[in-house]
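To start, the structure itself, in structure tokens.
The values are calculated or read from the model by the stated rules, or taken from the named source; none is laboratory data. These numbers come from a predicted model, not from an experiment. As a convention, Cβ positions derive from the backbone with ideal geometry for all residues, glycine included, and neighbour counts pool all protein chains shown.
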Amino acid sequence: MTLAPWLMPAWKRLAADVADGRLHHALLFAGAAGYGKRALADALATAALCTERNADGSACGHCRSCLLVAAGSHPDLVRVSFEPRESDGKLRSEIIVDQMRALGARLAMASQFGGLQIAIIDPADAMNPNAANALLKTLEEPASSTIILLVADDPSRLPATIRSRCRRVDFDMPTRDESLAWLRAKGVAADVAASTLDASFGNPGLAATWIEEGALAVRRECAADLAALSAARAQPSTIAERWAADRPALRVWFAAALARDEARRIGEGKRGELGLTRPAEIPKLNAWFGRANRARGLLATPLRADMVLLDLLRDWPARAGGRA
């Protein structure tokens, strides 16, 4: 088992519940993506189905159940996520009621291996209202020997009636030192680990993904674009069009982090990465940081990405007087 060290206290509690046969029938793994909650849910599901668990409660990896889980064909493990639309084959952006009805019917049947039946709904916060209502009926009358694991990046989107019927799985956020050590153990250079962790607001899993995907190049592009705005060397419309065409949400994330870091460096009496130096820019940068985070939410709506970005970039606080 290769869970991150900050997940181990939560894992020990879950493993003890598995060993004692007292797992709650519905568990909610909630929190921002990147901290390992999906790995924790998968480890729990595999261990609960394993017939030869290790001394620490983890799955053995070699029994019939473990091999079937690894192959994605265990008859008592159901995964519910986005499914393709019949019309064009593209993945839906929500989990629909038919999926929850099918899950309820599946869990009402007896376990094929005579033990637990486990369902993982991920992302549970993507259920539409009808799907959530269908799941609620299953949670209100749970079948014996069934465990439902809900994984949600934004649990506030789940109805309170569902949250109240789940036992939430909490885990401590890693310290900066823990996160850096974890990234270094993956072979990441110390300077890259530190800069990427800062850009991810301390989220080690997100930092690791960005390093693997080469996303730091996007951050450098965003820094250059904002510096050009600061010096009035670029137009917001040009940058907005380019950002909208390539990972706009990621670019806004990096832009928000850059604004935050710029304000901090100015406050320390240093020249920022974007070339700003005036203390009067600090409150403007802080306000823009908030606007950038709201813009990321708007990018997930039907609104045109280029218009959302244009509105944001027009308000870049240093654009009018930012020549350095």
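Yes/no per residue for (1) surrounded by fewer than 22 Cβ atoms within 10 Å (Cβ to Cβ); (2) farther than 19 Å from Ala199 by Cβ:
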| position | (1), (2) |
| --- | --- |
| Leu216 | yes, no |
| Thr238 | yes, yes |
| Arg260 | yes, no |
| Arg265 | yes, no |
| Leu276 | no, no |
| Leu285 | no, no |
| Ala292 | no, no |
| Pro302 | yes, yes |
| Asp315 | yes, yes |
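Would a scan of the stretch 218-228 turn up a residue that is in a loop (DSSP other than H, G, I, E, B) and touching a helix residue (DSSP H, G or I) at 6+ places or on another chain (Cβ under 9 Å)?
Scanning the stretch 218-228 turns up no residue that is in a loop (DSSP other than H, G, I, E, B) and touching a helix residue (DSSP H, G or I) at 6+ places or on another chain (Cβ under 9 Å).
Checking the condition in contact (Cβ under 8 Å) with a residue 24 or more places away in the chain and not assigned by TED's automatic domain parsing to the domain that holds Ala255, which residue from Ala185, Ala199 passes?
Going through Ala185, Ala199 in turn, the sole match is Ala199.
What's the total number of residues in the stretch 162-198 that are part of a helix (DSSP H, G or I) and either farther than 30 Å from Ala126 by Cβ or not hydroxyl-bearing (Ser, Thr, Tyr) (or both)?
Matching residues across the stretch 162-198 total 19.
Is it true that Trp210 is assigned to a helix (DSSP H, G or I) and in contact with a Ser or Thr (Cβ under 8 Å, 6 or more places away or on another chain)?
Yes: the conditions hold for Trp210.
Would it be correct to say that Leu149 is out of contact with any His (no Cβ under 8 Å at 6 or more places or on another chain) and either among the polar types (S, T, N, Q) or assigned to a strand (DSSP E or B) (or both)? Give the derivation first.
Values: out of contact with any His (no Cβ under 8 Å at 6 or more places or on another chain): yes; either among the polar types (S, T, N, Q) or assigned to a strand (DSSP E or B) (or both): yes.
So Leu149 passes the test.
Hey, could you check the stretch 279-301 for residues that are without any contact (Cβ under 8 Å) to a residue 12 or more places away in the chain and within 18 Å of Arg251 (Cα to Cα) and say which is nearest to the chain's Cα centre (by Cα)?
Gly297
Only one of these is outside any helix (DSSP H, G or I), out of contact with any Phe, Trp or Tyr (no Cβ under 6 Å at 6 or more places or on another chain) and more than 24 Å from Leu206 (Cα to Cα): Pro283, Pro279. Name it.
So the residue among Pro283, Pro279 that is outside any helix (DSSP H, G or I), out of contact with any Phe, Trp or Tyr (no Cβ under 6 Å at 6 or more places or on another chain) and more than 24 Å from Leu206 (Cα to Cα) is Pro279.
I'm trying to understand the selection: among the residues of the stretch 38-56, which are touching a helix residue (DSSP H, G or I) at 6+ places or on another chain (Cβ under 8 Å) and surrounded by 21 or more Cβ atoms within 10 Å (Cβ to Cβ)?
Correct list: Leu40, Ala43, Leu44, Ala45, Thr46, Ala47, Ala48, Leu49, Cys50.
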